[in-house]
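*Asks:* Below you will find the structure I want to go over with you.
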Amino acid sequence: MKICAKCDLEKDLSLFHKDNRSDDKLTAWCGDCNNLQSRTYRQVNKEKHRAASKRWYEANKEHDAKRTKAYRKASPDKLRAWHVRTKYGLTPEQYNAMLIAQNDSCAACNTPRSEMEREICVDHNKKTNVVRGLLCHGCNTAFGLLKEDERTIMRLLEYARKHK
């Protein structure tokens with residue numbers, strides 16, 4: 001246990017960041033206080049922080065690219081969850097519930113996800129951004145190419161029936 005020099009609370013050692021300059025090899029402030037101080041500094045000094053971040057990126061482009069590539073390769077599930085959450089507003093629990101409700105298959109053609117070559121797509125209304133379901137890549141692409149227009153889809157269906 002250690003007392004934080006900022007908030008004066010006694011906290012577990014695991015809540016302090018490493019600092020090789022100190023005798024106990026830990027920061028004087030706990031992680032929460034350090035994070036709050038950093039966040040406040042970044043908000044007050046936005047331009048200075050942006051310039052420093054840009055300088056670091058320019059000096060470390062190759063290192064950053066390698067690190068990003070390695071992370072993407074090692075964490076495809078985390079990246080997928082992040083993408084689905086940020087683009088469609090779905091939590092992993094909501095996404096998994098949709099998969100279960102659709103029997104782990106495409107909502108349109110019922111192709112099992114295990115037989116799909118690509119990851120299942122989140123289908124959403126392009127105007128309202130409301131999620132409708134999960135589709136295989138082929139159905140999602142076809143639906144988009146038909147501009148999600150019911151009349152066009154019905155005419156195409158009639159055409160297909162006529163030319164069996």
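*Asks:* Scan (1) surrounded by 13 or more Cβ atoms within 10 Å (Cβ to Cβ); (2) at pLDDT 95 or above; (3) more than 16 Å from the chain's Cα centre (by Cα) for the single condition Cys109 breaks and write down its number.
*Replies:* So the condition that Cys109 fails would be (1).
*Asks:* Related question: Among the helices (runs of 4 or more DSSP H) contained in region 1-110, which hold 3 or more residues that are farther than 30 Å from Thr141 by Cα, basic (Lys, Arg) and not assigned by TED's automatic domain parsing to the domain that holds Val122?
*Replies:* In region 1-110, 46-59, 61-74 are the helices (runs of 4 or more DSSP H) which contain 3 or more residues that are farther than 30 Å from Thr141 by Cα, basic (Lys, Arg) and not assigned by TED's automatic domain parsing to the domain that holds Val122.
*Asks:* Let me ask another. Can you find a residue that is over 30 Å from Pro112 (Cα atoms), surrounded by 11 or more Cβ atoms within 10 Å (Cβ to Cβ) and more than 14 Å from the chain's Cα centre (by Cα) anywhere in region 81-97?
*Replies:* no
*Asks:* A follow-up question, please. With the condition kept exactly as written, say whether any residue in region 125-136 is closer than 26 Å to Leu157 by Cα, surrounded by 13 or more Cβ atoms within 10 Å (Cβ to Cβ) and in contact (Cβ under 8 Å) with a residue 40 or more places away in the chain.
*Replies:* Yes, that holds for at least one residue.
*Asks:* Check Thr27 against each of (1) surrounded by 10 or more Cβ atoms within 10 Å (Cβ to Cβ); (2) out of contact with any Asp or Glu (no Cβ under 6 Å at 6 or more places or on another chain) and name the one condition it does not meet.
*Replies:* Going through (1) surrounded by 10 or more Cβ atoms within 10 Å (Cβ to Cβ); (2) out of contact with any Asp or Glu (no Cβ under 6 Å at 6 or more places or on another chain) one by one, Thr27 breaks only (2).
The values are calculated or read from the model by the stated rules, or taken from the named source; none is laboratory data. Please read these numbers as outputs of a predicted model, since none were measured by experiment. Reconstructed Cβ throughout: ideal geometry from the backbone, glycine too, with neighbour counts over all protein chains shown.
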